[in-house]
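Below you'll find the structure, written out as structure tokens, and then a few comments.
The values are calculated or read from the model by the stated rules, or taken from the named source; none is laboratory data. Small disclaimer: the values here were computed from a predicted structure and weren't measured. Glycine gets a Cβ as well: all are built from the backbone with ideal geometry, and neighbour counts include every protein chain shown. Please note that ligands, DNA and RNA were not included when accessible areas were found on the heavy atoms of the full protein model with its side chains. Shrake-Rupley method; radii C 1.70, N 1.55, O 1.52, S 1.80 Å.
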Amino acid sequence: MNGAELLVSALKNERVQQIFGVPGEENLELVEALRHSSIKLVVTRHEQAAAFMAATHGRLTGKPGVCLATLGPGALNLTTGAAYALLGAMPMIIITGQKGIRSRTQARFQIVDMVSTMTPLTKMARQIVGPATIPTTVSEAFRVAQQERPGPVYLELPEDVAAERVAVVPPMMPPHPINRPVAAKEALDRAAELIVKAERPLVMLGAAASRPRLAEELSDFVRRLQIPFFNTQMGKGAVSGVSGLYMGTAALSERDYVHRAVARADLLISIGHDTVEKPPFLMGPKGPTVLHVGYLPATVDEVFLTHAEVVGDVGPNLKLLAERLEGRLPNAGALLGLREGILTRIADRAKESRYPLTPQRIVHDVRQVMPEDGIVCLDNGMYKIWFARNYRTRVANTLLLDNALATMGAGLPSAIMAAMLYPERRVLAICGDGGFMMNSQELETAIRLVHHLVVIILQDDAYGMIRWKQAVNGYSDFGMTFGNPDFVAYAKAYGIEGRRIEGPNDLVPTLEAAFAAGGIHLISTPVDYSENIRVLVDELSSQNGI
């Protein structure tokens, strides 16, 4: 076997089934080894999309997705995806080629020090220096990628190492079990005491609460204790949004309706909060006591600090806490009286019949069409706030959004990955016109790989989120607008069905028809953010703490 074949064997040993990427000259040995293996090579149209797809695989399954690229320019195109996975805690393995380390007949052509480049963007970055080290290196890479906090690992395979043959094939390493300890008894007892003494407790579900393995244990904890909860953007769906204990989503950092409950709470039980997210609330000197429950100790900063911690495997720790507390919390539902008012205000104007459509109406109509297990994948833009606030999730990981790196361009690739993993479900990508055009070429990838996918483009001919911030800061409207192609004609150029929404009541029937027909569909709808910018700026700013 040569080095490339050893690498493929090590990936198979880790149960890898597919690799996403754009091949290049320096990884042709690896491509050839893949050709003779059971691992599927999924070719994308840009390396960035390959990284987004691999990261989404990790997010949805808990198992690292794998992506590859060539050296230099190809490898550099993976850096945004690496940061996306690092900040979003998505396990992923990145593999790139490189010029030979013993001989370089092309001098410095296309050579970039990618190990140094990837070091701050990954949990581990290594160059493979010889075939004999491949089994242990790959085993370590998968272990590191999956351990809390999950994230990307980078491996560089020089072309001479890939081609080098070994006389004695080194043994494969068994997949590394990921063991997570539970918290000490003293920490659990201290946490239980805080919760028992609380007069107005409130649970906050953060990004780490959305790990695929946690849904059942989280729901059981909330059900047994009957404490109301809200979630951060990336914690959305960790527990069903139709629960009678759901208080809303912190889509903004302050002065939204859900912050009324946060302001009244005397104890905040923060489960899985990760400070890479835009803050769900801002702690002040008179804020609630905060109990952190997480896989790792809390990261303390100027807007978030903790007073007690339960650190370790979150699911078992929550079970141990519930056993200590069930039936002992007479004040568990003290804040539930605020729930109806919060949710009513959030749903205000959701059925407004205007054209162009308002974001609230779009969220409402999408919820009407998507079943409980349907997956909505958001790109990044102004609409993300409205989906985070207004879209009620019923099943974990059915609203995929990024509130960590918050990069544009990930919506379509993440939806393709979701459709590949769950071909029996409805999958909907929702992109602004700015974000869609950053990776629109992946429509061809979708056509080639998935049978059913619907893409909505929200068209305002501007970078709407930054335009909103520009208005909030009192600046003139400048530098945020652009032109767009005819998206219906754009869809037809790819050989898929394209539709444009022409009236306020067209979205639901158009979406239903697209899902019923099957295949890939592109739907463009104009969106009017102007009134909603005024609503958020004027209404929320006038609440004075609500």
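Observations on the structure shown:
- Residues in region 376-398 include at least one that is in contact with an Asp or Glu (Cβ under 7 Å, 6 or more places away or on another chain), of a type in the set (D, E, K, R) and in a loop (DSSP other than H, G, I, E, B).
- Here the condition is being open to solvent by less than 10 Å² (accessible area, probe 1.4 Å) and in contact (Cβ under 8 Å) with a residue 24 or more places away in the chain; of Val314, Val303, Val290, Val276, it holds for Val314 alone.
- Counted residues, region 252-289 - those being at pLDDT 85 or above, in contact with a Phe, Trp or Tyr (Cβ under 7 Å, 6 or more places away or on another chain), hydrophobic (A, V, I, L, M, F, W, C) and assigned to a loop (DSSP other than H, G, I, E, B): 1
- Failed condition for Pro423, given (1) open to solvent by 70 Å² or more (accessible area, probe 1.4 Å); (2) outside any helix (DSSP H, G or I); (3) farther than 26 Å from Ala50 by Cα: (3)
- Residue in region 353-366 that is open to solvent by 50 Å² or more (accessible area, probe 1.4 Å), in contact with a strand residue (DSSP E or B) (Cβ under 9 Å, 6 or more places away or on another chain) and farther than 30 Å from Ala191 by Cβ present: yes
- Residue in region 42-61 that is open to solvent by 10 Å² or more (accessible area, probe 1.4 Å), β-branched (Val, Ile, Thr) and farther than 24 Å from Gln146 by Cβ present: yes
- Unique match (being among the hydrophobic types (A, V, I, L, M, F, W, C) and in contact (Cβ under 8 Å) with a residue 40 or more places away in the chain) among Ala513, Ala493, Ala489, Ala410: Ala410
- Within region 71-173, helices (runs of 4 or more DSSP H) holding 1 or more residues that are among the charged types (D, E, K, R) and at pLDDT 95 or above: 134-146
- Which numbered condition Ala250 misses (of (1) in contact with a Pro (Cβ under 6 Å, 6 or more places away or on another chain); (2) surrounded by fewer than 22 Cβ atoms within 10 Å (Cβ to Cβ)): (2)
- Annotation: Ser9 fulfils all but one of (1) more than 30 Å from Thr232 (Cβ to Cβ); (2) touching a residue at least 60 places away in the same chain (Cβ under 8 Å); (3) part of a helix (DSSP H, G or I); (4) touching a Lys or Arg at 6+ places or on another chain (Cβ under 9 Å); the unmet one is (4).
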